[in-house]
Amino acid sequence: MTCDAPAPAGAPQTTAWRSHGPKRRSTRALRVRTSAVLVAATVLAVLLVPPLVQLDQQAVDLAAKLRPPSWSHPFGTDDVGRDLLLRCVYGLRVSLLVGVAAALTATVVGTAVGAAAGALGGWADRALMRVVDTFSSVPHLLLGIFIVAMFRPGVWPVVISVALTHWLSTARIVRAEVLSLRSRPYVDAAVSGGASRWRVAVRHLLPAVLPQAALAAVLMVPHAMWHESALSFLGLGLPTHTASLGTLVQSARGSLLAGQWWPTLFPGLFLIVPTLAIAGLAGAWRERIHPRRRSELML
């Protein structure tokens, strides 16, 4: 029988979590690779399936309505006999378009407001932040419903609604980053050299906050897709005849109550899996930008 000798005084103490470092890194690498494959498959499906598959996703076949998954219809058919796989691909295409357009618009607005507030300071900073606080006091979904209700149902009213309710976090992030950059020595040197505020903002501040803004845009895409699906599910977003993931789930409620599960399951998976994949890649990007925060989380 053997026993471990006590560690000598002054020897460095080893902790159990360090032995799991390689395992944690391999799990993170597997997550990133899986997310990349899923995002690539999503992009390829959205770009290639509509032009390659010469089928009308609006074609009605009442004789084939609510058929379960089979070789001829891998995802089954909906309540009017339309192929559910093709409808899900078209719905993902619309939802992804809305998510990307809304995320880019919100990022541009939030970056402009945050950079202006951080660069100008003083009363301009206080006024812009009070505007941000005012918008933040209203729930996103309630404000989005109010904005969509002012327009006819369509893609661009939903994009405007999601963009105008999701720029607030980007504005706060960019403002905090600009305030941090204003104390850097090279900014002080530029101001001492006679550079105007506009030149300092354009040449030094904006390029430094672009990675943060781009990361915020990528993180916003899944949120915007879920927001669009919620509006469409409530009947306030896209028209019911337009295939989006929200309208597909909304139109399948009656089928689910009758025991047909596939019209609800597959559009839900098309919404959950791509958004989780995009969020996974964005999380890996965030860890790459902030390695110190990653090391703190590993502790």
Simple spin-label estimate for residue 31/residue 123, 7 Å along Cα→Cβ, in nm, reads 4.8 nm
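For the stretch 123-229, what is the convex hull volume of the alpha-carbon atoms per residue, in Å³? Each step should come with its number before you reach the end.
Working: hull volume 12.8 nm³, N = 107.
It comes to 119 Å³ per residue, whole-number rounded.
Roughly how big is the stretch 26-113's charge dipole about its Cα centre, with Cβ charges of +1 (Lys, Arg) and -1 (Asp, Glu), in debye to the nearest 20? Intermediate values should be presented prior to the final figure.
Details: 8 positive and 5 negative charges, 87 e Å.
The calculated dipole for the stretch 26-113 is roughly 420 debye.
Rg/Rh for the stretch 115-160: what does it come to with C-alpha atoms and Rh from Kirkwood? It would help to have the intermediate numbers written out before the result.
On the way: Rg = 14.5 Å, Rh = 12.4 Å.
That ratio equals 1.17.
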The Cα extents of the stretch 199-278 along the principal axes, largest first and rounded to whole Å, are 63, 25, 14
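Eigenvalues of the Cα gyration tensor times 5, then square-rooted: what semi-axes does that give for the chain, in whole angstrom, largest first? The partial results should precede the final answer.
Numbers: eigenvalues 358, 207, 52 Å².
The answer is 42, 32, 16 Å, longest axis first.
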GNM on the chain, Cα springs under 10 Å; top mean-square fluctuation among 225, 150, 129 goes to 150
Computed ³J(HN,Hα) along the stretch 259-271: with the Karplus parameters 6.51/-1.76/1.60, θ = phi - 60°, integer Hz and x for glycine or proline, the list is x, 8, 8, 5, x, 9, 5, 5, x, x, 5, 5, 8
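What is the percent carbon and sulfur in the accessible area of the chain, measuring with a 1.4 Å probe over the protein chains and ignoring ligands?
Numbers: 11530 of 17150 Å².
Solvent-exposed carbon and sulfur of the chain make up 67 percent of the total.
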Of the residues 135, 216, 174, the Cα lying farthest along the dipole of the chain towards its positive end, which is defined by charges on the beta carbon of Lys, Arg, Asp and Glu, belongs to 174
One finds the C-alpha centres of the stretch 230-292 and the stretch 85-109 to be spaced, in Å, by 11 Å
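Treating only the Cβ atoms of Lys and Arg (+1) and Asp and Glu (-1) as charged, compute the dipole magnitude of the chain about its Cα centre; round to the nearest 20 debye.
Working: 28 positive and 13 negative charges, 193 e Å.
With only Lys, Arg, Asp and Glu charged at Cβ, the dipole is about 920 debye.
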Nearest 10, in degrees from 0 to 90: the angle of helix 21-52 to the longest Cα principal axis of the chain is 40 degrees
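The values are calculated or read from the model by the stated rules, or taken from the named source; none is laboratory data. Just so it is clear, the structure is predicted and the values come from calculations on it, not from any experiment. Glycine gets a Cβ as well: all are built from the backbone with ideal geometry, and neighbour counts include every protein chain shown. SASA here: full protein model, heavy atoms, side chains in, ligands and nucleic acids out. Shrake-Rupley method; radii C 1.70, N 1.55, O 1.52, S 1.80 Å.
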